[in-house]
1. Report, by residue number, each residue of the stretch 31-43 that is in contact (Cβ under 8 Å) with a residue 24 or more places away in the chain and in a helix (DSSP H, G or I).
2. Cβ-Cβ under 6 Å, sequence separation 6+ or interchain: first residue in the stretch 55-75 and in a helix (DSSP H, G or I), partner of a type in the set (Gly, Ala, Ser). Which pairs?
3. Determine whether residue 84 is surrounded by 14 or more Cβ atoms within 10 Å (Cβ to Cβ) and over 21 Å from residue 17 (Cβ atoms).
4. Would you please name the residue that is nearest to the ligand (Cβ to nearest atom), looking only at residues in the stretch 78-96 that are more than 16 Å from residue 108 (Cα to Cα) and without any contact (Cβ under 8 Å) to a residue 40 or more places away in the chain?
5. Which count do you get for residues in the stretch 103-114 that are on the phi < 0 side of the Ramachandran plot, modelled with pLDDT of 90 or more and within 12 Å of the ligand (Cβ to nearest atom)?
6. Any residue at all in the stretch 115-127 that is of a type in the set (Phe, Trp, Tyr), within 14 Å of the ligand (Cβ to nearest atom) and either outside any loop (DSSP other than H, G, I, E, B) or touching a residue at least 40 places away in the same chain (Cβ under 8 Å) (or both)?
7. From the residues in the stretch 90-103 that are surrounded by 14 or more Cβ atoms within 10 Å (Cβ to Cβ) and more than 22 Å from the chain's Cα centre (by Cα), which one is farthest from residue 50 (Cα to Cα)?
8. Would you confirm whether or not the stretch 56-70 contains a residue that is among the polar types (S, T, N, Q), at pLDDT 95 or above and over 16 Å from the mean Cα position of the chain (by Cα)?
Amino acid sequence: MCLPVTRYHEFAEIMHELRIAEDLISIVTETATEEGLKKVAKVSVCFGEMVQIDCGCFEVAFSEFVKGTIAENAEIDIEIIPVTAVCNNCKCDYKISNITFTCPECGSGDICILSGKELFIKSIEGD
Ligand SMILES: [Zn+2]
């Protein structure tokens, strides 16, 4: 079978969500067990925009992987954190809305990313 390059790309992207969902669920179930929860009702997560999560794909992977765990049927809440940066030249803060990592004020490429690389669990709710 010969797959076009775009197919590999899509596959790699799907793998990304699957891997993150799998890692995340093992953290959720471990933490919930440690805290004495018998059932997880809701999981809130934060993803930075730079992590490039496909939320739909992630939700599908999540609902599959939680089957048979204490987090089965748990609701998933995803918050996307925008990419923000500060310019080291003119010190202005700004939100990056495209892939141009240069300062909109002075055009300097000497910037420091403040947010957008996050990948963490905000809260786990359950009984
Ligand atoms: Zn600047």
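1. Within the stretch 31-43, 31, 32, 33 meet the criteria.
2. Matching pairs, first to second residue: 58/21; 61/21; 62/21; 65/21.
3. So residue 84 fits the description; yes.
4. 83
5. Number satisfying all stated conditions: 8.
6. Scanning the stretch 115-127, I find no residue that is of a type in the set (Phe, Trp, Tyr), within 14 Å of the ligand (Cβ to nearest atom) and either outside any loop (DSSP other than H, G, I, E, B) or touching a residue at least 40 places away in the same chain (Cβ under 8 Å) (or both), so the answer is no.
7. That would be 92.
8. Yes, the stretch 56-70 contains at least one residue that is among the polar types (S, T, N, Q), at pLDDT 95 or above and over 16 Å from the mean Cα position of the chain (by Cα).
The values are calculated or read from the model by the stated rules, or taken from the named source; none is laboratory data. Predicted, not measured: the structure shown is a model, and the values here were computed from it. For neighbour counting, all protein chains shown are included, and Cβ atoms are generated from backbone atoms with ideal geometry for every residue, glycine included.
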